[in-house]
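Read through the structure below, which is laid out as structure tokens, and then see the notes.
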Amino acid sequence: MDRDSSGNRSVDGAGLARFAAERAAGDLRGAPEDAPPTSVRNAFTGIVTALAVDDVAARVEVQSGPHTLVSLVTREAVEELGLAVGVTVTARVKSTNVHVDRR
């Protein structure tokens, strides 16, 4: 790690990637230790920021760092999980198509 002219720490992209991989090694992303293994690798811990529930379905909005994730779930799932605005959750994403763009 270096410091820039303002005294802020500066980490190159490869070093940051290495750090992130080391932090994630063995991390089940918020799952309890006795949780069964999962193939879902994209997990975002965040806070419920919006919740719209009707008779059957619900729209759950989660803010995870700079990422906003929106999920449509059943009303029953919201009740079973005790979801409400302000609750900390882990949103898990599994997709057959993931696009990666270079900036």
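Exactly one residue among VAL89, VAL78, VAL48 is surrounded by 15 or more Cβ atoms within 10 Å (Cβ to Cβ), at pLDDT 85 or above and assigned to a helix (DSSP H, G or I), and that residue is VAL78. For segment 51-67, the set of residues classified as assigned to a strand (DSSP E or B), loosely packed, with under 14 Cβ neighbours inside 10 Å and at pLDDT below 95 consists of HIS67 only.
The values are calculated or read from the model by the stated rules, or taken from the named source; none is laboratory data. Because the structure is a prediction, the values reported are computed rather than measured. FYI the Cβ positions are ideal-geometry reconstructions off the backbone, even for glycines, and counts take in every protein chain you see.
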